[in-house]
Ligand SMILES: Nc1nc2c(c(=O)[nH]1)N[C@H]1C(S)=C(S)[C@@H](COP(=O)(O)OP(=O)(O)OC[C@H]3O[C@@H](n4cnc5c(=O)[nH]c(N)nc54)[C@H](O)[C@@H]3O)O[C@H]1N2
Ligand SMILES: Nc1nc2c(c(=O)[nH]1)N[C@H]1C(S)=C(S)[C@@H](COP(=O)(O)OP(=O)(O)OC[C@H]3O[C@@H](n4cnc5c(=O)[nH]c(N)nc54)[C@H](O)[C@@H]3O)O[C@H]1N2
Ligand code: SF4
Ligand SMILES: [Mo]
């Protein structure tokens, strides 16, 4: 009889992190299903969870360290790889200084302790240059909300009377959120979706505002104008807990429903109806902003305008509204307080001071330029883990040129990716089933500890890797814990949750009970302690104090050579950025890249479904099969293409030279392009 075992942990095939049962036979995973006791997913899973078995045992999985040689990549022993990497890092440090060494962390290891290990390592080494996928993910929304409310709230869907999904598509990107929204709808809540496309969630909506890409600020200001004009706002909250209301109200006056229609394409009558619907549901209005509004040149101010709605409606930190999350107060691995590094000129901090100020991270696109130019100082080495920027960062031709020109480039991944192909050393990384880590579900204010279920001989978990390298580089004192379990024990030390207790509760442990209306007793986490419709902090940095609207470039100064607008990156449930293209059954379902377009545009171009078309922007060009949508699914003149395909990489077209000035986020969702039938 084979020895059977079941272990509970969290799925990390995406960042939703659903609770799973992992079934083992003689130490080998044979199946995965949902673990019902965790409140997050209550046993439900999406199709990606089971694909974790295919991923960890995939025949193409990297299991040995590889070194680039004249004959191509060759396997070398792990200890030798670490020795050589350490030796080369020390030589680069001697020659160019510690700050010439950088780290790049990707989406695949998430945002908690594994991110902080990477930060700790590079800081201990004396370099401020920590880069991550957050140069184009999450921070845009976080900054928008943090500037207004002090942090990014979680929507209280279940208690809501009106759910607003703004530039997000949960059925593909956040399956659990979809369940919560559907439960709210069953209980009578209205659903509003703001999206240029008829997305999967828009199909379910009571009201769908199909605005032109990048015009979100105009719509949000129009709603603010209507709520004020019709007295549909929370006077008392605004008076006691906010600053800048008079200025915002004055500014919003210009955004009449007719002006909003002219900017966004959403009919004035619909704007009025949207305002009436949310006013009627206030304060139980839950708003979630996705990736859609982030990748624009005026993204942050557009998101700030949306964030203002919470306070105007009195929905902030109220049941059924947007709740401010209380964090888990544990030990942190970062060293910012111990080792100040700002004087060393973190890359991009001068250009995007909010990015560095709020998140202490560098700007990847500026980093790529720095590698190529050596200005303002050389970046010569990089350790990259859990990312694939050769497909996911904008202007990937330049990204490849830069990463390929480094004196030392080390990549940790599960597979040989287009990014790994550029490396001097490729190290096999541990998957989420091969690591121990604490995870927070902000919505429930719970932590869950994940388990190390598998171990492959030469595959290191993130902690072991940083630990072993640090000890070779003379910074071992910063990595004193023997393994990730001991490290996790230390993280939990100041809390009342022990490692043993965390391990005994796979359903998670509430670290602090959920409270609403915290503003009655506590200030907001903003400079004024109030909700900031107007920001002195931004003004002092030279940005507009109010969430001012600027029309996207394709509307304000249309480029006749590039008459179409390209949205990129709409998620597909079975793929995750560049991941999972090697899962056979997924590949059968969606075999390759495609670009979505409107039937009238297709007709004008003489393009039939599946025909190859060439799309060109000022950055580059790509050929891809056309997917003709129905007339209601996408706006005329607008295209959509999902990223992550090496066969046709949309990031050959996206901008690494046009940014939102506050966040530094690149223009990826309103790219001016021309289209040819080839
Ligand atoms: N299966 C799967 N799930 C994922 C991911 C994945 O790659 N695959 N990625 C994960 C990550 S890292 C992230 S950041 C999240 C993103 O999560 P979401 O934001 O929900 O992702 P999308 O599906 O791209 O939805 C964005 C929507 O915004 C719309 N949009 C585009 N431009 C605009 C605009 O200017 N204004 C408005 N209002 N809408 C616009 C698009 O049409 C699209 O429907 O998804 C996460 N979940
Ligand atoms: N055009 C366009 N581009 C976009 C976006 C868009 O909307 N449009 N969205 C952007 C967003 S929001 C994001 S977050 C980024 C994401 O960009 P990336 O962070 O580059 O994400 P992935 O392509 O998923 O790369 C993750 C890599 O990690 C590997 N991996 C998987 N599991 C593990 C693990 O456990 N450990 C380690 N070390 N490696 C692992 C995978 O094999 C994969 O190669 O993409 C961005 N790119
Ligand atoms: S939504 Fe799917 S992939 Fe994401 S954690 Fe849940 S089961 Fe895993
Ligand atoms: Mo993201």
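If the chain linking residue 604 and residue 44 were pulled fully straight, counting 0.36 nm for each residue of separation and taking away their Cα-Cα distance, it would gain 197.1 nm. Principal-axis analysis of the Cα atoms of the chain puts helix 113-124 at an angle of about 70° to the longest axis. Measuring r between the beta carbons of residue 329 and residue 632 and using R0 = 56 Å, the FRET efficiency lands at 0.70.
What FRET efficiency do you get for residue 74 and residue 456 if R0 is 25 Å and r is their Cβ-Cβ distance, rounded to the nearest 0.05? That pair, residue 74 with residue 456, gives E of 0.85.
Between the stretch 1-24 and the stretch 368-393, the C-alpha centres lie 35 angstrom from each other. Each of 295, 505 was scored by other Cβ atoms within 10 Å of its Cβ. Listed from fewest to most, they are 505, 295. Normalised by residue number, the volume inside the convex hull of the Cα atoms of the stretch 553-677 is 117 Å³ per residue. Overall shape: oblate for the stretch 425-477, with the ratio a/c of the largest to smallest alpha carbon gyration tensor axis at 1.5 or above and b/c at least equal to a/b. The length gained on full extension between residue 678 and residue 612, counted as 0.36 nm times the residue separation minus their Cα-Cα distance, comes to 23.2 nm.
For the stretch 356-444, pairs of C-alpha atoms spaced more than 22 angstrom apart make up 37 percent of the total.
Modelled label positions at residue 496 and residue 528, each set 7 Å beyond Cα in the direction of Cβ, lie 3.7 nm from each other. With contributions of -39500 (n - 2.57) from each DSSP H run of at least four residues, the per-residue ellipticity at 222 nm computed over the chain stands at -9000 deg cm²/dmol.
The slack in the chain from residue 94 to residue 373, taken as 0.36 nm per residue of separation less the alpha-carbon distance, amounts to 98.4 nm. Each peptide in 492-502, 529-539 gets a packing score, the mean of other Cβ atoms within 10 Å over its residues, and the list from highest to lowest is 529-539, 492-502. Among beta bridges identified by DSSP and lying wholly in the chain, the antiparallel ones come to about 50 percent. Taking Cα atoms, how many degrees apart are the long axis of helix 364-373 and the longest axis of the chain, rounded to 10 and kept between 0 and 90? Value to nearest ten degrees: 60. DSSP assigns beta bridges within the stretch 553-677; of those with both partners inside it, close to 70 percent run antiparallel.
Between residue 256 and residue 280, the FRET efficiency estimated from the beta carbon spacing at R0 = 22 angstrom works out to 0.60.
With the convex hull constructed from alpha-carbon coordinates only, the stretch 246-314 shows a mean projected area of 5.1 nm² over all directions. For the stretch 394-461, the share of DSSP beta bridges that are antiparallel, to the nearest 5, is 55%. Histogrammed with a bin width of 5 Å, the alpha carbon distances of the stretch 122-227 distribute as 2, 10, 15, 20, 21, 14, 6, 4, 4, 3, 1, 0 percent, first bin at zero.
What is the diffusion coefficient of the stretch 4-56 in µm²/s, taking the Kirkwood radius over Cα pairs and the Stokes-Einstein relation at 25 °C with a viscosity of 0.890 mPa s? This corresponds to a translational diffusion coefficient of 224 µm²/s.
For the chain, what does the alpha-carbon gyration tensor say about shape, rounded, prolate or oblate, given a ≥ b ≥ c as the root eigenvalues, a/c under 1.5 as rounded, and a/b over b/c as prolate? Rounded is the answer for the chain, as its axis ratio a/c remains below 1.5. Per residue, the Cα convex hull of the stretch 525-603 amounts to 220 Å³. How far, in degrees from 0 to 90, does helix 462-472 lean away from the longest principal axis of the Cα atoms of the chain, to the nearest 10? Long axis of 462-472 versus the principal axis of the chain: about 50 degrees. By the gyration tensor of its Cα atoms, with a ≥ b ≥ c the square roots of the eigenvalues, what is the shape of the stretch 181-253: rounded for a/c under 1.5, prolate for a/b over b/c, or oblate? Because a/c hits 1.5 or more and a/b fails to exceed b/c, the stretch 181-253 counts as oblate.
Where a number appears in this text, it was derived from the coordinates with a stated rule and is not lab data. From a predicted model like this one, the values you see are computed outputs, not experimental measurements. Here Cβ is always computed from backbone atoms with ideal geometry, including for glycine, and neighbour counts include all displayed protein chains.
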